Amino acid sequence: MVLRILLMPLWTSPSSWAQEPPPTDATPTQADDADLNRAEAKRLFDVGVQLYEEGQYGPAIEAFQRAYDLTEHPELLFNMANAQERHGDLEGAIRSLDRYRLDAEPDEREVLSRRILSLEARVKAAETAAAAAAAPPTTTPPPPLATPTRSGPRWAIVSAGALTFATFGATSAVTYGASRRFLRNEDQESYETVRPVNNVSLALAGLGLVTTTVGLTWRKRPSDGTASVRLGPNGIVANF
């Protein structure tokens, strides 16, 4: 319905073209040529309307242009601008409307000016979008890799291990001396009493030494910051 309203001024105009009398000073040949041109322009106009309604805007533009070349009726420029806008040729639509505006009524010229400004803004937006699409993509460099940091010794573990080693190391030395003395004196009962204490003290002193070593060498792992100490089949295993 909108298309019919837009094109309505042309439905009556071309039919009147064939009825216009030739100029009085025209020769018969010139009059015949003018009649033929008006008839061909009417046919091209009808073809253009049909193509426009079918959505074939490119051929419709060509038909309107050929009709305009034969008659130079300004209304054809308006219809051609509509087809050009639908076809995506916004700059062509601007040119056609600008030419049509020269012959338009004063009240209509303001409307045409606003439409031309709107089309020019769309052309500018399309050019900006095309320039942005053609520009090389900006890449953000990856953040620098963090330098792995290693913490210092675990002084609480060092202190506990050192204290254990010193205490039970001294105990094992004392009980070892006592056990040797009882053994020389053939005091078997006292020897049997002292010997287990010496063994336990020696084992605890060794554990204190291992704990001290672990505390001095324990560092955070760069991967996950964890470390572990476990008892394996061949002894204590420290994972740093």
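Every number in this text was worked out from the coordinates using simple rules, so none of it is lab data. As the structure is a computational prediction, the values presented were derived from the model and not from experiment.
For this structure, a couple of remarks:
- Applying the Karplus relation 6.51 cos²θ - 1.76 cosθ + 1.60 with θ = phi - 60° to region 85-102 yields 3J(HN,Hα) values of 5, 5, 6, x, 8, 5, 5, x, 5, 4, 4, 5, 5, 5, 6, 5, 4, 4 Hz, where x marks Gly and Pro.
- Region 38-141 - Rg over Rh from alpha carbon coordinates, Kirkwood radius: 1.14
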